[in-house]
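The structure under discussion appears below in the form of structure tokens.
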Amino acid sequence: MSEIRKHYFLPEYCIIAEERSKRPSDFAGPSDGSEKSSSESCVFCGGNEEKTPPATVVYNEGEVFADTEEKRVSKWDFRCFPNLYPAVSPAPSPPGFHGKGLETFPGFGFHEIIVESPVHGKKLKDFSDTEISGLMRVYKDRVCHYAARENIRYVSLFKNSGKAAGASLDHTHSQLIALPVCPQVLERELKVIREGQKCPYCALLETEKASPRFIHENSKFVAFAPYYSIGPFEVWILSKEHISFLGDFSPELLSTLGEILREVLRSYAKILGNMPYNHMFYQLFETPEYHLNLRLLPRISTAAGFELNTGIYINTVSPEKAASYLRGDE
Ligand SMILES: [Zn+2]
Ligand SMILES: [Zn+2]
């Protein structure tokens, strides 16, 4: 069982989750490992449903089903189930006492796996229009499901792809962790947003649309290498419309979001091959001032002593250069 611990004197949190050290890893080498495991041994593959906890929901051709303890649904496009090695849990043990003045909370929350395809080795960049927009709909549904739960203040939706990006299994999947606290990084942004006259994301979108950092756009979204980039080839995807939460996305916004995400991943593949990366949604519910954004970060460089010490990242590829590569200029 895990605990959420607050920093000695700052509004920052960490999660102590010793259970997670038992999780399996199917990686051996330094690559992203996609060649390492096979569909026979992979617990996320279609046909191996019995090897995971029962699905909370299964999507098949747009319809929604659920597993039972006795029987798993075997035909599915997307499959969501509780993480077997969760960082937080719906019924945590009471937290321990660790010292006077130290704040500890039960490790309450939900930790879900979203398997994005029954097919082993499939990559998001190769998804069809139906598959990628279907995945965006699953993202929306699952985020809404957990945002509506009592005592949940933040829903983190992210993808780890490749070992260096934190994936312990290589079959394509995303994860969702719903928390009873709002992370400091978003609280800090929100404070600044509330102090200003205009949404800073709407303002920076205007700047970046016409900058050397612009990469792609479609009718609803713009992708660019942010002026403040913490690592090589970081990309942000911003909606042209001010919208704070995936739950408010129309079907058209979902499909255009999927399209631009896939386009960025295809650009990455051309330049960087099969590199490890994370994508992460920044969004808040019941907070219309916020402007949802999706950030992608290839895990090419490592945050080392200086970065951990200062919070200042040294990035060896300028976002201007990164954008010109990703646009296909050179
Ligand atoms: Zn698999
Ligand atoms: Zn905005």
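The values are calculated or read from the model by the stated rules, or taken from the named source; none is laboratory data. Being a predicted model, the structure only gives us computed values, none of them experimental. As a convention, Cβ positions derive from the backbone with ideal geometry for all residues, glycine included, and neighbour counts pool all protein chains shown. Quick note on the areas: whole protein, heavy atoms, side chains included, nothing else; ligands and nucleic acids left out. Shrake-Rupley method; radii C 1.70, N 1.55, O 1.52, S 1.80 Å.
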Spatial separation of Cα centroids for the stretch 168-184 and the stretch 300-320, in angstrom
23
Three principal axis extents, largest first, for the C-alpha atoms of the stretch 3-183, in Å?
53, 38, 32
Can you spot the aspartates and glutamates whose alpha carbon is less than 17 Å from K191's alpha carbon? Ignore those fewer than 8 places along the same chain.
E12, E286, E289
Could you count how many Lys pairs in the stretch 3-183 have their Cα atoms under 21 Å apart, skipping same-chain pairs fewer than 8 positions apart?
25
Hydropathy first: keep DSSP H helices in the chain averaging at least -0.5 on Kyte-Doolittle, then drop any whose Cα extent along the axis falls short of 18 Å, and list what survives.
129-147, 251-272
Tell me, how many Å apart are the Cα centres for the stretch 204-235 and for the stretch 244-264?
16
Rounded to the nearest 0.05, FRET efficiency between S39 and I230 (Cβ-Cβ, R0 35 Å) equals 0.45
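Would you mind getting me the FRET efficiency between E252 and H7? Use the beta-carbon distance for r and R0 = 45 Å, nearest 0.05. Provide the component values of the computation, followed by the final result.
Numbers: r = 42 Å, r/R0 = 0.93.
Using R0 = 45 Å, I get an efficiency of 0.60.
Would you mind working out the accessible area per residue for the stretch 185-327, using a 1.4 Å probe, and quoting it in Å²? Mind showing how you got there, number by number?
On the way: 6670 Å² over 143 residues.
Counting only protein heavy atoms, the per-residue value for the stretch 185-327 is 47 Å².
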So, in nm, how far is label E69 from label E50 when the simple model puts each one 7 Å beyond its Cα toward the Cβ?
1.8
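Shape verdict for the stretch 156-311, please, from the Cα gyration tensor: rounded (a/c under 1.5), prolate (a/b greater than b/c) or oblate. Please list the in-between numbers first.
Values: a/c = 1.33, a/b = 1.19, b/c = 1.12.
Rounded, because the longest to shortest axis ratio a/c is under 1.5.
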Can you pull out the cysteines in the chain that have no other Cys Cβ under 4.7 Å?
C14, C80, C144, C182
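Can you send over the carbon and sulfur percentage of the accessible area for the chain, probe radius 1.4 Å, protein chains only?
Working: 8690 of 16140 Å².
Heavy-atom surface of the chain belonging to carbon and sulfur, 1.4 Å probe: 54 percent.
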List the lysines whose Cα sits under 16 Å from the Cα of K198, skipping any in the same chain fewer than 8 residues away.
K240
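For A304 and F158 in the same chain, what is the full-extension length gain: residue separation times 0.36 nm, less their Cα-Cα distance, in nm?
Length difference between fully extended and current span is 50.3 nm.
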What share of Cα pairs, in percent, lie more than 24 angstrom apart in the stretch 240-330?
37
Taking the Cα centre of the stretch 185-327 as origin and charging only Cβ (+1 Lys, Arg; -1 Asp, Glu), how large is the dipole, in debye to the nearest 20?
440
Any idea what the relative contact order of the stretch 185-327 is, in percent, if you count C-alpha pairs under 8 Å spaced at least 6 apart?
32
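Can you give me the accessible area per residue for the stretch 3-183, using a 1.4 Å probe, in Å²?
Values: 9020 Å² over 181 residues.
For the stretch 3-183, the solvent-accessible area averages 50 Å² per residue.
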Using a Debye calculation, one point per C-alpha and no hydration shell, please list log10 I(q)/I(0) for the chain at q = 0.10, 0.12 Å⁻¹ in order.
-0.61, -0.91
